[in-house]
1. Less than 17 Å apart at the alpha-carbon level, and either on another chain or at least 8 residues along: which lysines does that give for K190?
2. Report the gain in length on full extension from E84 to H37: 0.36 nm times residue separation, minus Cα-Cα distance, nm rounded to one decimal.
3. Can you give the charge dipole size of the chain about its Cα centre, rounded to the nearest 20 debye, using +1 on the beta carbon of Lys and Arg and -1 on the beta carbon of Asp and Glu?
4. Over all Cα pairs of segment 39-178, how is the pair count split among 5 Å bins, expressed in % and running from 0 up to the last occupied bin?
5. What is the extension gain from R93 to L226, computed as 0.36 nm multiplied by their sequence separation minus the C-alpha to C-alpha distance, in nm to one decimal?
6. Based on DSSP H runs of at least 4 residues, each adding -39500 (n - 2.57), what is the mean residue ellipticity at 222 nm of the chain after dividing by all its residues, to the nearest 500 deg cm²/dmol?
7. Of Q216, Q167, Q55, which is the most mobile in a GNM of the chain whose springs link Cα atoms less than 10 angstrom apart?
8. So which helices of the chain fit the span-like rule, where a helix is a whole DSSP H run, its Cα atoms reach 30 Å or more along the axis, and its mean Kyte-Doolittle is at least -1.0?
Amino acid sequence: MSEPAADTAVEERIGYVFADRRLLAEALTHRSYSGEHGNAAHYERLEFLGDAVLQLAVTRYLYQTFPDLPEGQLAKVRASVVSERTLVDVAARLAVGPALRLGRGEAITGGRAKPSLLSDVVEALIGAIFVEAGFERAAEVVVEHLAEAIATRSVAPGHRDFKTRLQEILARTDLRPHYVVVQSGPEHAKRFAAVVSAGGRVLGEGTGSSKKRAEQVAAEAAVATLRHA
């Protein structure tokens, strides 16, 4: 069984303190523990709920943050972010493993390190926050912990990493790309314009809702320019 200190560590790292301690306990309780302790509430229902909250929170964030990404690429980014691998990384940062309430058999067989279990508990925690504080607060937590992963994957959904491809093309002639990015617009709706050049020649321009995205669009234009040179 987890210690209260382990529960608190999860709260501190996730950035949310539960008013209802039973919800937190439920989110951290595996079915195996429930079976050994009078059918205590376990996380599966919260996981079911949290999965839906997670999907919607990530979908909305992608839609609002990357207006220049088409539907197909948005779907690829979402799928890569809302995945077991990504959620296991989140679980590690939240110190979920030590806080889990597991049955003896599950604990002995390494349940605290099982990827499927850890990702399920992250979803359960999201579901628990939704139950207690509503969607907007749960979405804030989701974005806080997944924004970096989303930004990384949005740069090259479906392996469309044009900056890398441009660098490889220019390396054949011992040139390196140089990017200049200008920011405009209000804080809540920033836009970025990028120009990429090499050897004193402008190769491409692009705009986007982030510096990385604008650079990617400019690099894509540059690759097209060099292909038709």
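Taken together, the values in this text are just the output of simple stated rules run on the coordinates, not laboratory data. Model, not experiment: these values are computed from the prediction. Ideal geometry is used to build each Cβ from the backbone, glycine not excepted, and the neighbour counts take in all protein chains shown.
1. Straight-line reach from K190, under 17 Å: K211, K212.
2. Working it through step by step, the gained length comes to 14.1 nm.
3. 920
4. Computed distribution, short to long bins: 2, 9, 17, 18, 16, 12, 9, 7, 5, 3, 2, 1, 0, 0.
5. 43.6 nm
6. -19500 deg cm²/dmol
7. Of the options given, Q167 has the highest mean-square fluctuation.
8. 44-65
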